[in-house]
Amino acid sequence: MNPQEMIDACKEHTLFSWKARGSVAPMPITHAEGIYLYGPSGERWIDFNSQLMSVNIGHSHPTVVQAMKEAADGLIYAFPLAATPSRAALSKKLASLMPEDLNTFFFTLGGAEANENAIKLARLYTGRHKILSRYRSYHGATNATMQLTGDPRRWANEPGAPGFIKVMDPTPYTYSFGSDDAEIVKNNLQYLEEVIQYEGPHNIAAMFIETVTGTNGILPPPKGYLQGLRALLDKYNILLVCDEVMAGWGRTGKLFAFEHGDIVPDIVCMAKGLTSSYVPLGAVAMKDSIAKHFDENVFWGGLTYNAHSFACAVALATINVLLDEGMVENAARLGPIMRGHMEALKAKHPSVKAHRNIGLFGMVDLQQDERGTPMAPYNGSHPAMTAFNKHLAANGLFTFCRWGSFMCNPPLCITEQQLEESFSIIDEALEICDRVVTG
C-alpha cells in the first residue's frame, strides 16, 4: 500500500480511540528505532511522548527484539492455571524489585485491566464497596475504570456502576488549597477526611491515585502529601492503590513514583513501561496481607491472557534492559536539564504560563494573555494549539497537545543532545502561540 491507501484502509475498517472516525487524521508510521518514528515517505520524528508515555526503553531495542524472537521459539501461550518458566521468572524478578511486602502479582494485558482487577481485589479483601478517586485522573477505558476516572472522558460513559466517589486533587484546576506545600497538604487532607466521614469510612474499600497525575497535568504530589495520605487512609483502614501505569518503570527518575514519597502502597498497578509497549501486559502488585486473604478465599477475577507466557518473557527482557543500561538513572539525571529548557522557554515566550517535570515526565501550560488565561479552556481547544502541533510535526517532533498544554515525555534512553534538539523545535513553534498573546 502507498501511504494514502494505508490511511484510507485504517479509516474505513477500524475505529480510533477518543475520535469520531470522520474527523480523525491518522499519522502514518511504518517503523521506529530508539527515540525516532519513521513515516512511509522518509519522514522522521523525535518521539517526544514515548507514544502514550509508554515506550520507556525506546523503540525496537535489539536486545528485547532478540528476546522476543527467542521467546517465539518457546512456549508462547498456556492457560492461566499453568505454571510457566516466564511467569515464574517475571514474578520473582518483580518481587525482588518491589518493596519487601509487595510480593504477589496478578497479570493482565494492560493498565485498565490492572486497575479493574485492583478494584475487585480491594472490594473482596475489605468487604466494602465504595472507591475514592480524584477528578484530575485517568485510570482506563473499561467499564469500572471509566467510573474511577475523573476527567471528561468519563462523561459519555455515564451512568456507570455505583460506589465511585470523586474528590479534589491537591492541585485543583482553577484554584489552590494553599500557597505552599505544607498548607496545600494540610487543607486537602482535611477536606478529604471530611468526605470520608460523609461517605462512611466503613463503606470505603480503597482510594486510587495516579502517584503522579499523568494526562491531566503531569502533577507531582506536593511534598508530604503521599505520607499524609498514607497516614489518613491507615486511620480508617482504607487501602491505598497507586496507579503507576504511566509514572512507573523509571519515568520519574525512580523505578516507581511512590518511592519519591517514601511510602509503600497496599496495591500497585502497572503496565506501559513494564514491556515498553512492545507487547500488551499489565500487573497488579499486592501486599502479603492481601495475597494471604486469597489463600483461602477465591479471587473472582480471570482473563484468558492472564500471565501470558510470551508477554511475560518480553517484560523480563525489557526490565533487564531498563536496569542494565541505567535508564532510570538517565531520567533522574536529565530531569533538571529538562527543567532548565522549560525555564528558558518561559523566560523567552509570553505564551508559556507554567511548566513542571519530575524526571522525564513533564508538561508545559500555555496562556492567551499576561493575566494567565489558559490557551484553551478545560476540555476545550484553541486554533493556536492546532497550528503549534502541526508545526512540531512538520519540523520533526511528535508529542501530544491537550487543551492548552503539551507533553514532554521522551523515551528514557534520550541523550542530552537529543533533548536540546527537541526543545529547539519547540522553541520555534511557540512563536505561533506568542502571537495570540502579543497580537
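Derivation of every value follows stated rules applied to the coordinates shown; laboratory data play no part. None of the values given here were measured: they were computed from a predicted structure. Note that we place each Cβ from the backbone using ideal geometry, even for glycine, and neighbour counts take in every protein chain shown.
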Exercise. Are there GluC sites (Glu not before Pro) in region 349-439 that DSSP puts in a loop and that have at most 13 other Cβ atoms within 10 Å, and which ones?
Worked result: Glu370
Problem set entry | Over 22 Å (Cα to Cα) - which of Lys93/Lys272; Lys166/Lys346; Lys166/Lys235; Lys166/Lys287; Lys254/Lys390; Lys166/Lys186 fall in this group | Lys166/Lys346; Lys166/Lys287; Lys254/Lys390
Seminar exercise, completed: Here the relative contact order (percent) of region 63-324, from C-alpha pairs under 8 Å and at least 6 apart, is 31 percent
Exercise. For region 63-324, what mean projected area does the convex hull of the alpha carbons give, in nm²?
Worked result: 13.8 nm²
Exercise. So what is the calculated 222 nm ellipticity per residue for the chain, using -39500 (n - 2.57) for each DSSP H run with n of 4 or more, over all residues, to the nearest 500 deg cm²/dmol?
Worked result: -12500 deg cm²/dmol
Problem set entry | Those trypsin sites (Lys or Arg not before Pro) in region 339-439 that DSSP places in a loop and that have at most 14 other beta carbons within 10 Å | Arg371
Exercise. Spin-label point model (7 Å from Cα, Cβ direction): what's the Leu52 to Asn203 distance in nm?
Worked result: 3.3 nm
For this session: Go through 89-98, 232-241 and give me the packing order, highest mean Cβ count within 10 Å leading.
Result: 232-241, 89-98
Problem set entry | Karplus-derived HN-Hα couplings along region 224-241 (A = 6.51, B = -1.76, C = 1.60, θ = phi - 60°), whole Hz, x at Gly and Pro | x, 5, 4, 5, x, 5, 4, 5, 5, 5, 4, 4, 10, 6, 9, 6, 9, 10
Seminar exercise, completed: If each part is reduced to its alpha-carbon centroid, region 310-332 and region 10-35 end up apart, in Å, by 28 Å
For this session: Round to a whole angstrom and tell me the spacing of the C-alpha centers of region 172-197 and region 211-250.
Result: 14 Å
For this session: Provide the packing ranking of 216-227, 14-25, i.e. peptides ordered by the mean count of other C-beta atoms within 10 Å per residue, highest first.
Result: 216-227, 14-25
Exercise. Per the Cauchy relation, a quarter of the hull surface: what is the mean projected area of the convex hull of the alpha carbons in region 281-357, in nm²?
Worked result: 9.4 nm²
